[in-house]
Amino acid sequence: MNKLTKLGLATLAGSLVASSAYAGASVTGKAKIEYKSQDDDEVTGNPLTIDRGLVFAASGDLDNGMTAGYLQKLSAGTHTSSEAFLDMGDAGKIAVANGRSGAGIRAYRYVLPTAGEEAWDDVDTDDNGLAQGGDTGALYYTGSFGAVGVSIASQKDDATDSSWVLTYDGLVDGLMVGYGQGENGETTDLMTAFAKYTVGSITAAYQVSEIDTTGTSSDEESTGFGVSFAVNENMSISYNLWDVDMQTGTDEESAGLSASYSMGGMSFGLVSNSTDNVAGSSGDNDTFTEMNVTFAF
């Protein structure tokens, strides 16, 4: 994987120095007003908050027919993610990124369709059952070859995080299946497998994942199911279940209901999540409700 990392970086650097015409630049953003409600026994402070973000992006065509670009995201005035990429057309795309979760097993850690947020969001603080590696200073490769999709990620830190995912959508119209494996450091093995099917206005997905850590009793196996329904072109609703078999402790069970409605550059959202036996602790239950309005520009 070290050789792959060096080769990818050298290819990206060599292509970026080719002459280019950077004609495409843009700034997009959003302002999101949120009202959050949690359990009565939790100290939550002011339930009314505002989140805002900006994305700066620029790209241009190189003389060799490829496209190079860069983007950076700011959230509440703080840098949260960035990416430099080289789009090689039919040969795929390579990128070096911070905080983008753009490829490998992390990009597919949760494929269940949702109109708002994942079932575990804001109630499972440890993100249990999610197969994912690091995404800081990561090298990504993604490509589509007919009905087959390839997604690879590698991050070198104290230990290497590496993973891959293959997808296939040539079996039945509307159906995509996928399988991936990875390593989070030297001791943790990751696996995920999923199927996602869309017919008309309904999308349903099923996913299983495993996190196996050598020499510990902290292995996790997760099973998820989700369905979403597009009521019309503006409104969607979804329901998700995410259960984690904790090797030690009680199984963690999360459920989430979301709804969204959009009208032009403004959208309204509702999220209601709950988790029983948080992090395997029996009787430690948590609930979360959020109403939000987002202005995109």
Exercise. How large is the dipole of segment 157-196 about the Cα centre if only Lys and Arg carry +1 and Asp and Glu carry -1, each at its Cβ, rounded to the nearest 20 debye?
Worked result: 320
For this session: Taking the dipole about the Cα centre of the chain, with the C-beta of Lys and Arg at +1 and of Asp and Glu at -1, give me whichever of Gly265, Ser217, Asn184 is farthest to the positive side.
Result: Gly265
Problem set entry | Surface/4 of the Cα convex hull for segment 68-153, nm² | 7.1
Exercise. So how far, in whole Å, is the C-alpha centre of segment 224-297 from the one of segment 161-177?
Worked result: 24
Exercise. Fully extended, how many nm does the chain gain between Val150 and Asn285 (0.36 nm per residue separation, minus their Cα-Cα distance)?
Worked result: 44.8 nm
Exercise. When only Cα pairs under 8 Å and 6 or more residues apart are kept, what is the percent relative contact order across the chain?
Worked result: 16
Exercise. How far, in degrees from 0 to 90, does helix 2-16 lean away from the longest principal axis of the Cα atoms of the chain, to the nearest 10?
Worked result: 60
For this session: For a quick protection proxy, order the peptides 143-154, 116-127 by their average other-Cβ count within 10 Å, most packed first.
Result: 116-127, 143-154
Problem set entry | Check: the chain dipole with +1 on Lys, Arg Cβ and -1 on Asp, Glu Cβ, in debye | 1780
Exercise. Which pairs in the list Lys36/Lys93; Lys93/Lys196; Lys73/Lys156 are over 30 Å apart, alpha-carbon to alpha-carbon?
Worked result: Lys36/Lys93
Exercise. Which three extents, in whole angstrom, do the alpha-carbon atoms of segment 64-296 cover along their principal axes, largest first?
Worked result: 58, 52, 45
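Computed from the coordinates by the stated procedures, all read-outs in this text should not be read as laboratory data. None of the values given here were measured: they were computed from a predicted structure. Here Cβ is always computed from backbone atoms with ideal geometry, including for glycine, and neighbour counts include all displayed protein chains.
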